[in-house]
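Heads up, the thing below is written out as structure tokens.
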Amino acid sequence: MPQLPSGRHFGIDVAPFYEILGKWHDPQVLDVLTGIRAARDLFPFTRVLELLPDETARGKALPVAAGSTGQPPTGLLPTDTGLRLSNWPDAFDDWPAADTLAFQAFVDERAIAFLESALDSARAKLDESLSAFGTQVEAAWMQAGVHPSQDPGWDDMPRELDLDEYDALAALGQCCGAVSRSPVPAPPRTNAVDRLEGFWAFARSEFPWLPAAPDPLQPTTELARMLRDGAWFARLPVARRSWWRAQLACECENLFNDETSGRLLMQHAPQGWGVVRIVALMTAAGLAARPGRT
């Protein structure tokens, strides 16, 4: 909690981050949490506090949160400025130049390290929340009869999913096939749909053997097995295969976040959509092939 050259005291806390972390079961909150990867991603959830004398702060003081930069000096109480660290420096243009430079040094030298520590301490809870959400989603798919593990020949139970690049590619292709076949009602032209079609066109330019519009009702594992027989990913250089793995995970996550298209794809490409959603809950590294798979 630094004292600036003007004599004013400021600090930060991440109480808003802990608040949303406790609401992980809300789908909208989950979308936000999945985007938090690094310290700077916490800027929108980091309050900027001003420490004021007791008599000035009376009625406006905040409890010192567990996620704060320290204890305030004696006689000063933290108050919320209404600003977040993501507002810095645009909303602070009325500050004296010396204060601005001092606070910038605080952000660079102390705040980033503090936020990294806060993120590390919350990561276990964050991972636990995302895992619990994934378990709930899988249970719903099992009950609906559309979980890919219910396909003939699927070799793992849901908690030990055996997904690789071919599964993700087949699933995205089936979703694209469902769009191109114009089911009724036709999927709305969302950014996710446009991106999906653009991605599939790019994938076919890289791998001409891919079908233009995979059958969305074909068992996804069957289509993935056909693609896997060519062992095309295994022939790629390691760096290129890593790029594809990350890109497939990204495309699945992008489609997963589009609720409007998702409702229709669940109906018209249920198995492909199920795999897309599972991949979206995995990391890119989780698409790595296991022993015996290429």
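Quickly rank 197-208, 105-116, 86-97 as a protection proxy: mean count of other C-beta atoms within 10 Å, highest first.
105-116, 197-208, 86-97
If I stretch the segment between Asp93 and Asp194 completely, what's the gain in nm (0.36 nm per residue apart, minus their alpha carbon distance), one decimal?
Once the chain is fully extended between Asp93 and Asp194, it gains 32.3 nm.
With every protein chain left in place, what is the accessible area of Arg189 in Å² (1.4 Å probe, nearest 10)?
The accessible area of Arg189 comes to roughly 140 Å².
Give the accessible surface of segment 188-267 per residue, rounded to a whole number of Å², with probe radius 1.4 Å and ligands, DNA and RNA excluded.
51
Using 0.36 nm per residue, how much length does the chain from Asp80 to Ala231 gain when fully extended, once their Cα-Cα distance is taken away?
Residue separation times 0.36 nm, minus the Cα-Cα distance, leaves 48.6 nm.
The values are calculated or read from the model by the stated rules, or taken from the named source; none is laboratory data. These numbers come from a predicted model, not from an experiment. Using ideal geometry, Cβ is built from the backbone for each residue, glycine included, and neighbour counts are taken over all protein chains shown. Please note that ligands, DNA and RNA were not included when accessible areas were found on the heavy atoms of the full protein model with its side chains. Shrake-Rupley method; radii C 1.70, N 1.55, O 1.52, S 1.80 Å.
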